[in-house]
Amino acid sequence: MPTMSLPLCPLSSSSSAAGVAGLLRKSLRFLLTSIAGLAIVAPVMARAGEPPMPGLPRVNTVGLPLPQYAEDSPALGDRVATLSATSDVAPTMARIRERGRIVLGYRQTAVPFSYVDANDRPTGLAWALCQRIVPALQRELAMRDLRVTPVRVIEQMRGPLIKGDAIDIDCAPSTVTATRGKQVAFSLPYYAANIRLLVRKGTGIASVDDMRGLRLAVVQGTTAERLVRAHHLRAGFQLLMARDYADAFRMLREHRAQALALDDVLLEGLRATSKSPDRFEIVGPPLSDRPEYYALVLPKDDPAFKASVDAALGEMFRNGEVARLQRESFQTAVPPFGHNLNLGLSADVLAVWAAGARYDAASGRDAKPDPLPKPTEHDASASPQPPGS
C-alpha cells in the first residue's frame with residue numbers, strides 16, 4: 001500500500017482565511033484521489049435463471065456434473081450423465097446438491113430402530129440403513145463432501161416435515177399405509193411387526209378384552225391409535241393420548257395407564273430400556289390379523305429419488321447387510337441401562353427381506369410376484385402394495 005503524504009504549507013499568524021480554505025481544498029482532493037487508486041473491483045455474478053455474462057459463474061446452479069470417479073462405476077457414471085443432460089432432475093437430489101447436505105430424521109426413543117445412544121447420537125436399524133444409503137446417493141451426486149444433518153422428529157411432524165422439504169428421509173419405524181401414502185412416499189419395506197399390549201406384570205390383563213373400565217395409552221398419530229379406536233367402544237376402555245413413545249411408556253410406568261398399545265418390537269425396546277424390564281410384559285394376540293410393514297419415509301412425487309433409495313436397499317437385502325445390521329441393533333445392549341433386547345426374527349420379517357432381495361432396480365419393481373398378504377389399513381382406506389412392490 002503506497003504511503004500518502006498530504007501537502008503541507010506553513011501558516012503564519014498573518015495568513016488570511018481564504019488561504020486556509022484553499023489549503024484544505026487541496027488536501028481533500030489529494031486524499032480522494034489516493035483512495036480511488038486503491039479501490040478493489042468486486043466480481044459480478046449472474047443470478048440463477050439469468051443468462052450468465054461471459055466468464056462469470058451462475059449462482060445456485062443445481063445441474064449434476066459427471067462424477068470425478070465415474071470410472072469406478074460405469075453404470076453410475078452413465079446415470080449421472082443422463083441426469084446432467086436433462087432438465088428433469090430429481091427434485092430431492094437437486095435440493096441435496098444445492099445445499100451440500102442431506103437431512104435425515106430420527107426418533108429419540110424408538111428402540112431398536114431409531115433412538116439416541118449414551119452420547120446423544122442417533123443409532124438403531126433404520127438409522128443404520130440410512131447411513132448405508134447416503135454413500136450411494138453421494139456417488140450418484142458426485143459429491144465427495146456430502147454432509148449429513150440429523151433432525152429429531154416426533155410422529156405427528158413426520159409428514160409435514162417431509163412435505164415441507166425440511167427432511168429428505170425419515171429414518172424411523174414408519175408403517176406403510178394408504179392414508180400416509182397420499183402425503184409421502186415409502187421406500188421398500190424393511191421390517192414387519194404386530195400391534196400388541198404392554199402391561200405391568202401381575203395386573204391380570206391378558207388381552208384388550210380385559211381393559212374395560214381401564215386406561216390404555218397410545219401414541220398420537222400412529223397406526224396403533226387408529227387400530228385401538230376400532231376396539232374402543234366394544235372393549236370400553238379409556239384412551240390416553242401420548243405425544244411420543246417415551247411419554248406413553250411414562251404413563252404406564254407411573255400407573256396413569258394400565259396398558260400401552262404399540263408395535264410389539266417397539267414395546268420390547270421400551271421395556272428393555274427401562275430401569276426394571278422384568279416388571280413389564282407383552283401380552284395378548286396381535287390387535288390385527290395382518291402385520292405392520294415398516295419403510296423409510298420419502299418425499300412424494302419424486303420417483304427418481306425413491307428409485308435411488310430402493311436400489312441401495314435392494315442391494316443390502318441381497319448381500320445380507322440388512323440381516324447383519326439387524327443383529328447389531330436387536331441383539332445388543334441398549335442405553336441407558338444396558339439391557340439386551342435379544343430379539344429374534346419372525347416369519348413376516350424374513351418374508352419382507354426375501355421380497356426386498358427380489359427388487360429389480362432396472363425396472364423399479366419386484367422381479368417376481370410376492371405372496372405376502374397386503375397390510376391392513378386401520379383407517380378403512382385402501383390397502384398399500386405389499387413389500388417388494
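The values are calculated or read from the model by the stated rules, or taken from the named source; none is laboratory data. The structure presented is a predicted model; accordingly, all values stated were derived computationally and were not measured. Quick reminder, even Gly has a Cβ in these numbers, built from the backbone with ideal geometry, and neighbours come from all protein chains shown. In case anyone asks, the SASA skips ligands and DNA or RNA and just uses the protein heavy atoms, side chains included. Shrake-Rupley method; radii C 1.70, N 1.55, O 1.52, S 1.80 Å.
Things worth noting here:
- Here T376 meets each of (1) at pLDDT 60 or above; (2) closer than 27 Å to R271 by Cα; (3) more than 24 Å from the chain's Cα centre (by Cα) with one exception, condition (1).
- Candidates R215, R180, R234, filtered to the one that is open to solvent by 30 Å² or more (accessible area, probe 1.4 Å) and in contact with a strand residue (DSSP E or B) (Cβ under 7 Å, 6 or more places away or on another chain): R215
- Exactly one residue among A323, A333 is in contact with a His (Cβ under 7 Å, 6 or more places away or on another chain) and of a type in the set (G, A, S), and that residue is A333.
- Number of residues in region 246-266 that are closer than 21 Å to L129 by Cα and open to solvent by less than 20 Å² (accessible area, probe 1.4 Å): the value is 3.
- Breaking point among (1) modelled with pLDDT under 90; (2) crowded, with 16+ Cβ neighbours inside 10 Å; (3) in contact with a Phe, Trp or Tyr (Cβ under 9 Å, 6 or more places away or on another chain), for V349: (1)
- When T273 is tested against (1) free of Cβ contacts under 8 Å to residues at least 60 places away in the same chain; (2) of a type outside the set (D, E); (3) open to solvent by 10 Å² or more (accessible area, probe 1.4 Å), only condition (1) is not met.
Quick grid of which residues meet (1) among the polar types (S, T, N, Q); (2) touching a helix residue (DSSP H, G or I) at 6+ places or on another chain (Cβ under 6 Å):
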| site | (1), (2) |
| --- | --- |
| T109 | yes, yes |
| Q138 | yes, no |
| V151 | no, no |
| K163 | no, no |
| C171 | no, yes |
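- Residue in region 297-308 that is open to solvent by 30 Å² or more (accessible area, probe 1.4 Å) and among the polar types (S, T, N, Q) present: no
- If the condition is being open to solvent by less than 20 Å² (accessible area, probe 1.4 Å) and either of a type in the set (S, T, N, Q) or closer than 13 Å to E315 by Cα (or both), then region 131-143 contributes only I133.
- Residues in region 241-280 that are modelled with pLDDT of 95 or more, among the aromatic types (F, W, Y) and within 21 Å of A126 (Cβ to Cβ): F249 only.
- Of the residues examined, L227 is not one that is touching a helix residue (DSSP H, G or I) at 6+ places or on another chain (Cβ under 9 Å), crowded, with 18+ Cβ neighbours inside 10 Å and hydrophobic (A, V, I, L, M, F, W, C).
- For region 139-146, the criterion of being in contact with a strand residue (DSSP E or B) (Cβ under 7 Å, 6 or more places away or on another chain) and either at pLDDT below 95 or not β-branched (V, I, T) (or both) is met by at least one residue.
- Among the residues listed as A246, A224, A217, the single one being of a type in the set (G, A, S), on the phi < 0 side of the Ramachandran plot and in a strand (DSSP E or B): A217
- Selection from region 144-162 of residues that are in contact (Cβ under 8 Å) with a residue 24 or more places away in the chain and either open to solvent by 70 Å² or more (accessible area, probe 1.4 Å) or not β-branched (V, I, T) (or both): R144, D145, L146, R147, P150, R152, E155, Q156, R158, G159, L161
- Per the listing R95, R79, the residue uniquely at pLDDT 90 or above and charged (D, E, K, R) is R95.
- With a requirement of 1 or more residues that are among the small types (G, A, S), the strands (runs of 3 or more DSSP E) lying completely within region 81-195 that satisfy it span 101-106, 114-116, 169-175, 191-193.
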